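The next block holds one structure in the form of C-alpha cells; read it before the comments.
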Amino acid sequence: MKIAIIGAGAIGGYVGARLALAGEDVTFLARGANLQALRANGITLRQEGSEQVARNIRATNDYGEAGPQDIVVLATKAHQVAAVAGELPKLFGPDTVVVTMQNGIPFWYFHRLGGPMEGTAVRSVDADGSLARRIPPERVLGCVVYPATELVAPGVVRHIEGDRFPLGELDGSSSERVHRVAGCFVRAGLKAPVLDDIRAEIWLKLWGNLTFNPISALTHATLVDICQDPLARSLAADMMREAQAVAGKLGITFRVPLDKRIAGAEKVGKHKTSMLQDVEAGREPEIDALVGSVVELARLTDTPTPHIDALYALVKLLAKTMGENGHARVRMESV
C-alpha cells in the first residue's frame, strides 16, 4: 500500500521504518535535517542491539509531489497538526484513510460519536474548527501510541520498548478499512488490535499523560520520583480522580484501577516524560492536548477539576516564560 508518514520524528520514524522494512511503499513528508538525512541514507531503526536501514523510501516536503495515498499516518505532535493540515488534502484519494497518532484528546473527539454532543469542537486543540474541515473525520481512524522511541539523530530512530498501536473507527464499527490498516501494521511486526471504543483507550493513556507530564515539567522529576514521593503521588491521584469524573460523564469507563495505573508508571522507573524532555530541550511543550483539553471537557460537563486546573495554569505560565526568555523554540524539522 502507498503510505505517507507525516512527521519523521520518534514515532513517525519508527512506524515508517517498520512499514518500509515490511515492503510497503512509504513516503516521508519531512523538513530540514530529517529530510536531508532520509534522502541521503533512508531511515535507520535501532532496537535490541541491532540496526536495520530501510532505503526503499521516498522523502519530500512537497505534498503534491507525494500525491494520493492509501494511508496517511499523522504522527506530528498535536500542536503541530495545524501547520500541515492545509497540505493534507493533496494526499487524499477517494478512499484515503488518515491514522491520527497524537497524544491527548483529539480534534475529532465528538465527531461520529452520536448523542447530544455530536460534532462539538474541542477548541483547545482545534480553535477555529479548521482541522475538522481539512481532515474530514469520515477519513479518520483513531490510534493510541504505546511504544517508547527516540529520535537519536536525523533519520535515526531508537526503539526502546513496546509495539502496540490500537486502532478504531470513530463510530465504533468494525469496518473493512480498519481491519485492512490493522493487517498492514501487523505485517510490519506491530500489534494493532481493533477496538470498538477507541476513546476509552485514549483516556486510559491520557490518564497518565495529563497527570505526570505537568508535574514532571514543573519539578524535573522522573516517573518513579513522582510516584514514590508521598505528596506528589497524592497530587497525581487527586488529578486522576478528577479526570475519571470527567470521563465518566462522557460515558468512559477505565478498565484499569487508579492505583494500578500509578503503579505502572512507577515501574517505568527513571523516565522523563515527553513534556519534561521538551522543557529541558527548549522546545514548545505539548500542553493543550494533554491538559487543556481535559479542562475544556470538564467545563463542558460541569465537572470541578481544581487540581488539574492549577497544574494547567502553572505549565501554561512556564511555557509563556520560556517563550519570553527565548528558551522555547518550535522545532518543525520532524514535520
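Only the coordinates and a few stated rules stand behind these numbers; no lab work does. In this text, all values refer to a predicted model and were calculated from it rather than measured experimentally. Note: ideal-geometry Cβ built from the backbone for every residue, glycine included; neighbour counts use all protein chains shown.
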Quiz item: Where both partners of a DSSP beta bridge lie in the chain, what percent of those bridges are antiparallel, to the nearest 5?
Solution: 30
Quiz prompt | Ranking of Glu24, Glu48 by count of other Cβ atoms within 10 Å, fewest first | solution = Glu48, Glu24
Exercise. Name the most mobile residue of Gly208, Gly13, Gly104, meaning the one with the largest mean-square fluctuation, in a Gaussian network model of the chain with Cα contacts below 10 Å.
Key: Gly208
Quiz item: Which whole-angstrom value gives the distance between the alpha carbon centres of segment 165-196 and segment 95-160?
Solution: 15
Quiz item: So which aspartates and glutamates can Lys270 reach, going by Cα to Cα under 15 Å and dropping same-chain residues fewer than 8 places off?
Solution: Glu161, Asp225, Asp229
Practice problem: Name the residue, out of Ile202, Ile160, Ile308, whose mean-square fluctuation peaks in a Gaussian network model built on the chain with Cα pairs under 10 Å. | Solution: Ile160
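With charges set only on the Cβ (+1 for Lys and Arg, -1 for Asp and Glu), what does the dipole of segment 2-196 come to about its Cα centre, in debye to the nearest 20? Kindly include the intermediate steps, with their values, before the conclusion.
Working: 20 positive and 20 negative charges, 76 e Å.
Computed about the Cα centre, the dipole is about 360 debye.
Taking the Cα centre of the chain as the origin, how large is its charge dipole in debye, to the nearest 20, when only Lys and Arg (+1) and Asp and Glu (-1) carry charge on their Cβ atoms?
Details: 37 positive and 38 negative charges, 90 e Å.
Here the size comes out at about 440 debye.
Is the shape of segment 199-324 rounded, prolate or oblate, going by the alpha carbon gyration tensor and its root eigenvalues a ≥ b ≥ c, with a/c under 1.5 for rounded and a/b larger than b/c for prolate?
Working: a/c = 1.81, a/b = 1.19, b/c = 1.53.
Since a/c reaches 1.5 but b/c is at least a/b, the shape of segment 199-324 is classed as oblate.
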Exercise. In debye, nearest 20, what is the charge dipole magnitude of segment 1-118 about its Cα centre with +1 on Lys and Arg Cβ and -1 on Asp and Glu Cβ, if you could check?
Key: 240
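Mind listing which chymotrypsin sites (Phe, Trp or Tyr not before Pro) in segment 1-82 are in a DSSP loop and have 11 or fewer other Cβ atoms within 10 Å? Walk me through the numbers before you get to the answer.
Working: sites: Tyr14, Phe28, Tyr63; in loops: none.
Here no chymotrypsin sites (Phe, Trp or Tyr not before Pro) fit, given the DSSP loop and packing criteria.
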